[in-house]
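In what follows, a single structure is set out as structure tokens and then discussed.
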Amino acid sequence: MPPKSSKSSQRKPNPASASVDGKSSVKEWMTNYYAETGREVGVAFSTINSNTGWALTLVSFVLTGIFLTGIFPDLRSLLVLLFISLLTIRFFARTALGYQNLIRWNTLRNSIEKIFLGQDKDGQTEEHVRERIDLYDWRWLSPISRSRLVAANLRYGFGYLLVLTYFLAAYAWAALDSSSLSAPSPARSLALAAIAITIALTIVEIKGFFDVPYFKYIRSGDTKAKSEETRQTNKQEPKRALEQQVIRHKKTLYLAATLLLILATTSFCWTENRIMIVEKDDFTPPVNGFSVSNPITLASGEEVSFDWFAQSPLTVGIVEIQSLDFNATTDLPNLSVMSSSQSGNIKAVVRDTSAVVLIVAASSLSGFVGKVQIRRTPFVWIGYLLALFSLTLLLVVTVSHATHLRRQERDRAL
């Protein structure tokens, strides 16, 4: 978050001090201050429009690229959408700050206008203006609560962007392959690591709304200073033990959460590989134009990848063995993947333990050579546990931080 405008720091002298020179001095100060608030309103509008425009442009550009290149839905598009969601949240926070400034300066302008229009016969409005200037300008507190701030900016357009981005990301996730969460494929495990990182960074972004002083909200009418005795009493009140310990060791908890998240990501991405070389002699003689390799047993969630090269174009495929019945029909209802070219790569993932075979449709297999690679993620459950611990730590820090700040706001401990 950027510091408050340098222009605001130049207005530091209190208007109360100008009253020693008479009401004319106060009015002159208010007139200059009123003109400055008008310029700040323009800056706030520019900030809102700029950040919203960049967010719309970025999301539109990325979505157009994803659909035009034809990669959606796959792992790459999912990773891009998750990254875009984080950037959208960052733009959302910047826009919320601009909207807050818009409310801040308009609130001060409206209060000063009441004085200029002669609605301050008893001087209470001027006193109220001084209090608001102290709160919203010099102390840089928020004139609007976080819930209203978030709701207003979601309606401003960010709600649609986030819903669209998360919907497409969920669709891309569902379309990855047939593996389950209990036994994910390597691609789905990599997606799980990306999702865990995205959730962690989203929590950190949410915590930013409770960082002082930018979003600290204290209602203007309830900010009369307490007596020194009351303040001392508040300082001596016992805090909740967990909250106190969390706030005291916040940096340590953040470090622990980061290390756990790194280990979780490593566990998700760790793979075991088996490699087999297949040649012409590893296939049976053609039956109805197809040659079949020896069966390959795959456990749940394992990915089989087949790379080949031949002297002439041929058709290859990976088929579940129970669907292979050339005597009955040449239709393969459980065909995983098939490709026709001189060289290439095809992949398939099984949901449950199964056996698959490689099939080659060609009049001749001379000069044919291929490589079969079987990959699995053996430590995915460790990744689940570590990611859960990491995200829990981040949530505990964020909730404790937010609760502590809300207690300060409620007690008006300025």
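Coordinate-derived values only; no laboratory data. Because the structure is a prediction, the values reported are computed rather than measured. Every residue, glycine as well, gets a Cβ built from its backbone with ideal geometry; the counts of neighbours run over all protein chains shown.
Assorted remarks:
- Computed over all pairs of different Cα atoms, the Kirkwood value for the hydrodynamic radius of the stretch 108-220 is 18.3 Å.
- Relative to one another, the C-alpha centroids of the stretch 361-406 and the stretch 152-187 are positioned 16 Å apart.
- Protection proxy ranking for 25-36, 193-204, using the average of other Cβ atoms within 10 Å per residue and placing the highest first: 193-204, 25-36.
- For peptides 124-133, 281-290, 179-188, sequence by mean Cβ density within 10 Å, most packed first: 179-188, 124-133, 281-290
- Using the Cβ-Cβ distance between His128 and Leu395 with R0 set to 41 Å, the FRET efficiency works out to roughly 0.55.
- Cα lying deepest toward the dipole's positive end in the stretch 112-218, options Ser182, Tyr217, Ser147, charges on Cβ: Ser182
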